[in-house]
Amino acid sequence: MADVPSRLHVKINSPEKIIWEGDAMSVSSSNARGPFDVLALHANFVTLIEKQTIYINTGTEVKEFTWDHCVLYCHKNNLSIFTNL
């Protein structure tokens, strides 16, 4: 039986550089519809985050990031966050 991933790969991109990259147990934030969590093997997902904190749970720590506007894009167990748009 194939191993089922328990983590997703996260990359935070700004126009200038990669801000953070690593594996996470979950990513949580809020969009216009309310709070949400992204876990490993999440369905494809795109959302706009405006002035909300994004919490990345690595399993050993929770990292917090906040921007005025960013796009969160989840596809095939990879989550990309595009900041400073």
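In this simple spin-label model, placing a label point 7 Å from the Cα along the Cα-to-Cβ direction at both D23 and N77 gives a separation of 0.9 nm. Along region 14-31 the Karplus relation, 6.51 cos²θ - 1.76 cosθ + 1.60 evaluated at θ = phi - 60°, assigns HN-Hα couplings of 10, x, 8, 6, 7, 7, 7, 8, x, 9, 9, 6, 7, 10, 10, 6, 9, 10 Hz to successive residues, with x for each Gly and Pro. Phi-derived couplings, Karplus 6.51 cos²θ - 1.76 cosθ + 1.60 at θ = phi - 60°, listed residue by residue for region 39-56: 10, 4, 6, 4, 4, 3, 7, 9, 8, 9, 10, 10, 6, 10, 6, 9, 10, 10 Hz, with x used for Gly and Pro. The Cβ shell under 11 Å around V10 holds other residues with a net charge of +1, Lys and Arg each +1, Asp and Glu each -1. What GluC sites (Glu not before Pro) in region 1-71 are in a loop by DSSP, with at most 12 other Cβ atoms within 10 Å of the Cβ? Of the GluC sites (Glu not before Pro), the ones in loops of region 1-71 whose Cβ has at most 12 other Cβ atoms within 10 Å are E16, E61.
Can you pull a Stokes-Einstein diffusion coefficient for the chain at 10 °C (1.306 mPa s), Rh from Kirkwood over Cα pairs, as a whole number of µm²/s? Could you put the intermediate results ahead of the total?
Details: Rh = 12.9 Å.
Using the Kirkwood radius from Cα pairs, D works out to 123 µm²/s.
For region 41-85, what does the alpha-carbon gyration tensor say about shape, rounded, prolate or oblate, given a ≥ b ≥ c as the root eigenvalues, a/c under 1.5 as rounded, and a/b over b/c as prolate? Oblate shape, in that a/c is at least 1.5 and b/c is the bigger or equal ratio.
Read-outs: derived from the displayed coordinates by stated rules, not from any lab. If you're wondering where the values come from, they're calculated on a predicted model, not measured in any experiment. Here Cβ is always computed from backbone atoms with ideal geometry, including for glycine, and neighbour counts include all displayed protein chains.
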